[in-house]
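Student: Handing you this structure, nothing more for now.
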Amino acid sequence: MKIFLAPMEGVVDHLMRDMLTQLGGFDLCVTEFLRVVEQLHSDKMFYKICPELANGCKTPSGVPVRIQLLGQHPQWLAENAIKAIDLGSHGVDLNFGCPAKTVNKSKGGAVLLKEPDTLYKIVKAVREAVPSEHVVSAKIRLGFDDKSLALENADAIEKAGASLLTVHARTKVEGYKPPAYWDWIAKIKQQVSIPIIANGEIWHADDALKCQMQSQVQDIMLGRGALSLPNLAATIKFSDAPMQWPQVKELLIRYSGYEIFGDKGRYYPNRIKQWLGYLQREYSEAHELFSQVRTLKDSNSIVSVLRQD
């Protein structure tokens with residue numbers, strides 16, 4: 001079984017990838033998307049979204065990272081895909097799942113699930129541009145408004161030459177509301193022969209087992225679950241015990257050091273509050289801590305609260 005860390009926009013940046021992969025269990029990370037309109041991005045933009053390029057495109061703990069592209073123009077996506085590979089990305093991922101309204105309004109992400117032919121053209125252009133030894137993957141939802149095109153979309157992506165497909169088992173309209181319809185992944189698996197990765201509503205090790213059974217696939221992708229239970233991947237793959245709050249708190253302090261003294265220090269107050277929001281699902285202590293730092297805007301003041309016993 002392989003476990004992938006999901007590309008959560010505005011959440012899972014290189015610092016978060018570093019922290020989570022240190023805890024073990026992950027086989028690959030996918031970056032936040034690089035938005036492609038009608039331009040070939042500079043090296044600087046690729047390094048901004050994926051600083052790991054300077055380290056063989058691996059996290060400090062050695063987990064490979066794959067750059068994700070989002071857009072609607074096949075040729076521009078293809079040219080940026082070539083550049084991602086040339087810079088060292090471990091394959092290229094295409095985003096057809098982002099539900100954000102601003103992205104969808106500019107015809108990117110999940111809105112393309114209404115157009116199987118556009119999916120085909122994009123994947124085909126990228127696949128033909130990228131050398132065959134490199135992975136071209138795609139991430140989709142089950143549809144936009146409904147699931148009526150789920151099988152047709154998956155079929156188009158396979159016929160265009162994709163190496164593998166990640167399926168978030170909900171439509172755009174369903175958002176992140178439970179449940180995730182893992183049984184639909186099984187329907188897609190019967191339709192296509194390329195490897196499939198199951199994604200959606202995996203919070204604990206037993207959820208992963210249920211997902212594997214219902215989806216009939218072994219490989220999974222973790223997103224919000226890994227932020228709520230930081231060593232979730234290790235609990236699934238190695239049967240590790242879930243982290244206890246003192247361990248999580250120490251992780252938050254280490255993360256604080258990374259953020260404050262890293263290249264995104266000015267975002268630290270918002271980022272730590274955001275992570276505490278996810279942690280509240282698993283740890284009651286996170287709720288209390290969030291209430292203490294909620295109104296604080298100074299980084300040092302927040303760290304002082306974190307260090308309190």
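Student: Measure nothing but the geometry: give the 0 to 90° angle between the long axis through the Cα atoms of 245-261 and the longest principal axis through the Cα atoms of the chain, rounded to 10°.
Tutor: 80 degrees
Student: Which listed residue (L119, M19, L87) has the Cα farthest towards the positive end of the charge dipole for region 3-237, taking +1 on Lys and Arg C-beta and -1 on Asp and Glu C-beta about the Cα centre?
Tutor: Of the options given, the answer is L119.
Student: If you don't mind, there's one more thing I want to ask. Per DSSP helix of 4 or more residues, -39500 (n - 2.57); summed, then divided by the residues of the chain. What does that give at 222 nm, rounded to the nearest 500?
Tutor: Working: 14 runs with 139 residues, N = 309.
So the calculated ellipticity at 222 nm is -13000 deg cm²/dmol.
Student: Place the peptides 267-277, 186-196 in order of packing, highest mean first, counting for every residue the other Cβ atoms within 10 Å and averaging per peptide.
Tutor: Taking the mean over residues of other Cβ atoms within 10 Å, the ranking is 267-277, 186-196.
Student: Could you name the lysines in cross-link range of K105, using Cα to Cα under 22 Å and dropping any fewer than eight places away on the same chain?
Tutor: Answer for K105, where 22 Å is the Cα cut-off: K114, K121, K139, K147, K172, K177, listed by chain and number.
Student: What ranking do 294-303, 102-111 get when scored by the average of other Cβ atoms within 10 Å per residue, highest first?
Tutor: 102-111, 294-303
Student: Put one equal scatterer on each alpha carbon of region 144-269, apply the Debye formula with no solvent term, and list log10 I(q)/I(0) at q = 0.20 1/Å to two decimals.
Tutor: Debye curve over Cα of region 144-269, log10 I(q)/I(0) at q = 0.20 Å⁻¹: -1.06.
Student: A further question follows. By average Cβ neighbour count within 10 Å, what is the ranking of 248-260, 151-163 from highest down?
Tutor: Numbers: 248-260: 17.7, 151-163: 21.1.
Sorting 248-260, 151-163 by mean packing, highest first, produces 151-163, 248-260.
Student: Taking one equal scatterer on every alpha-carbon of region 1-134, how large is log10 of I(q)/I(0) by Debye at q = 0.09, 0.10, 0.12, 0.15 1/Å?
Tutor: One equal scatterer on each Cα of region 1-134 leads to -0.24, -0.30, -0.44, -0.69.
Student: Among K83/K237; K48/K297; K124/K210, which pairs are too far apart, with a Cα-Cα distance over 30 Å?
Tutor: K83/K237; K124/K210
Student: If one takes the longest principal axis of the Cα atoms in the chain, at what angle in degrees, from 0 to 90 and to the nearest 10, does the Cα axis of helix 150-159 lie?
Tutor: So the inclination is approximately 70 degrees.
Student: Rounded to the nearest Å, what's the spacing between the alpha carbon centres of region 50-90 and region 164-234? Just the number, please.
Tutor: The two parts, judged by their Cα centres, are 24 Å apart.
Student: Would you mind working out the magnitude of the charge dipole of the chain relative to its Cα centre, with +1 at each Lys and Arg C-beta and -1 at each Asp and Glu C-beta, to the nearest 20 Debye?
Tutor: Here the size comes out at about 540 debye.
Every read-out reported here was derived from the displayed coordinates using simple, explicitly stated rules and does not represent laboratory data. Treat the numbers as computed from the prediction; the structure is a model and nothing was measured. Positions of Cβ are backbone-derived with ideal geometry, glycine not excepted, and every protein chain shown enters the neighbour counts.
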